[in-house]
Structure formats: structure tokens, C-alpha cells
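The values are calculated or read from the model by the stated rules, or taken from the named source; none is laboratory data. Being a predicted model, the structure only gives us computed values, none of them experimental. FYI the Cβ positions are ideal-geometry reconstructions off the backbone, even for glycines, and counts take in every protein chain you see.
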Amino acid sequence: MTHVLVLTAPTVNDLSSGGTVDESTLTVDLEHQLATTAPEGMTVEVRHSADEGQLASWLNEANDRRWDVVLCPGVFSAFSYSLAGAVGRLTSSGLTVIEVDTDNPHAGATAHAHSAITSSASGLISGFGMNSFQLALQHIGRIR
């Protein structure tokens, strides 16, 4: 049985809306969506945090437990070298980390087109909305 950890962080749109992100609803909805569409033999666990240190801690946990990861780093993608380092440790140990961006970062402002994490990840899926997560799981299912 393959276990995949899906990690999400707030996006610029979440933060610019002026409201707070309902993390529990987001997590439950995404986990339900992914659990019902995940490849056979795969379990999916979704976690969401606006704390960069927490995300790095969860990436380290995934490395310790030998879990593949789907990471949507949101606002942390452009500058989080601590997340890039944690992702690099996972991929160098043979685990798969797929970075997901629900939008196409190259279609907007150039500041959002660069991710500090992409070069450490196994791959990047972007521009397909919430289906980007499903595409990432399908890939992991094929290689595991």
C-alpha cells in the first residue's frame, strides 16, 4: 500500500481575499476528493498549514516514514529555501515529491513564475486547478 502525504499552504488569492482560510474545510474536502479518485492501493493524507516550519516538519516526517509527497507550497514557493531543502532530502533518498500549483504560474506576474522548490522536486504539475492534485497522484500510482 502506497501512502501519499498531500501538503498545502495558503495561496496569494487566499491571503488577498481579506478573510481567513478555513483550513479544516479545505483539508476535509480535498482529502475526500483525492481519496475517492486515488489509484487503487493508495492512501492519501491531506494536511494544510500557513506555517512554513510546520510544512518543513511534515516533509521531514514523510522522509522518516518513506512517504511520497504532493506539495502545493502556495505563498512559500517563491522564497522558501527551507522547504526546498526538505524536498531535496526526500528526492535524494528516492522518494517522489511533486510540486503542484493549481494556477499556471507563467501566465501571471513574473514574480510568481519562479519557485525555489521546483528544482528540488521530482516534477511540477501546474495550471489544471484542483485536478493538478489528481494528476500528481496518478503519476505516483504509476511509478509505485
Failed criterion for L71 (all others in (1) crowded, with 16+ Cβ neighbours inside 10 Å; (2) closer than 18 Å to T2 by Cβ; (3) over 13 Å from the mean Cα position of the chain (by Cα) hold): (3)
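Name every residue in segment 92-118 that is among the small types (G, A, S), surrounded by 12 or more Cβ atoms within 10 Å (Cβ to Cβ) and at pLDDT 80 or above, in order of residue number. Can you show your working first?
To start, the set of residues in segment 92-118 that are among the small types (G, A, S) comprises 92-94, 107-109, 111, 113, 115-116.
Applying the additional criterion that residues be surrounded by 12 or more Cβ atoms within 10 Å (Cβ to Cβ) yields 113, 115-116.
Of everything in segment 92-118, those that are among the small types (G, A, S), surrounded by 12 or more Cβ atoms within 10 Å (Cβ to Cβ) and at pLDDT 80 or above turn out to be S115, A116.
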Single unsatisfied condition, G53 versus (1) part of a helix (DSSP H, G or I); (2) of a type outside the set (A, V, I, L, M, F, W, C); (3) surrounded by 22 or more Cβ atoms within 10 Å (Cβ to Cβ): (3)
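Every residue in segment 31-56 that is under 13 Å from A9 (Cα atoms) and hydrophobic (A, V, I, L, M, F, W, C), please. Give the derivation first.
Within segment 31-56, the subset under 13 Å from A9 (Cα atoms) is 46-56.
Residues satisfying the conditions are V46, A50, L55, A56.
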Residue that is surrounded by fewer than 20 Cβ atoms within 10 Å (Cβ to Cβ) and either among the hydroxyl-bearing types (S, T, Y) or touching a Phe, Trp or Tyr at 6+ places or on another chain (Cβ under 9 Å) (or both), where the choices are E40, E45: E45
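Residues to consider are S82, S119; find the one that is over 16 Å from L5 (Cα atoms) and either among the aromatic types (F, W, Y) or part of a loop (DSSP other than H, G, I, E, B) (or both). Break it down into steps so the answer makes sense when it comes.
Details: S82 fails: either among the aromatic types (F, W, Y) or part of a loop (DSSP other than H, G, I, E, B) (or both).
Going through S82, S119 in turn, just one is over 16 Å from L5 (Cα atoms) and either among the aromatic types (F, W, Y) or part of a loop (DSSP other than H, G, I, E, B) (or both): S119.
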